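These notes concern the structure reproduced below.
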Amino acid sequence: MTGPDYRFSLANERTYLAYVRTSVAFFVAGTAVLGYLEQVLGSGALSVVIGSGLFALGIFTITMCYRRWRRLESAMAKGEPLPYSIMPPVIAASLTVLAVLALVGAVTANWRIR
């Protein structure tokens, strides 16, 4: 038995590395939010929620991307259909919630200034 086509295996690896880069970006964004957003929003609690949410999303992404990579490699080696991944909808929904929180915080901070 031969293994999966190397092109598919390499594509799977590139996707894995893209998820790793994404998780690093979440960690960097979380650090920036925790360090600077309180000054902009004037709310320490909101910046902690948003920054912690970004860190949690980074942890989720880095943890799940390895699991996803292994599942896809296994499915390709066995000639099975590729399994569904929950990562894209979870990331999209989480970022939407965090962005709405940041927008609401920025708008209310702007109202307090005036």
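Out of 17, 46, 72, 34, one residue alone is in a helix (DSSP H, G or I), more than 27 Å from residue 105 (Cα to Cα) and at pLDDT below 95. It is 72. For segment 61-100, the tally of residues that are loosely packed, with under 15 Cβ neighbours inside 10 Å, within 21 Å of residue 26 (Cβ to Cβ) and of a type in the set (Gly, Ala, Ser) stands at 3.
The values are calculated or read from the model by the stated rules, or taken from the named source; none is laboratory data. The shown structure was predicted, so the numbers you read here are calculated from the model rather than taken from an experiment. When we count neighbours, we look across all protein chains shown, and the Cβ atoms used for this are built from the backbone with ideal geometry, even at glycine.
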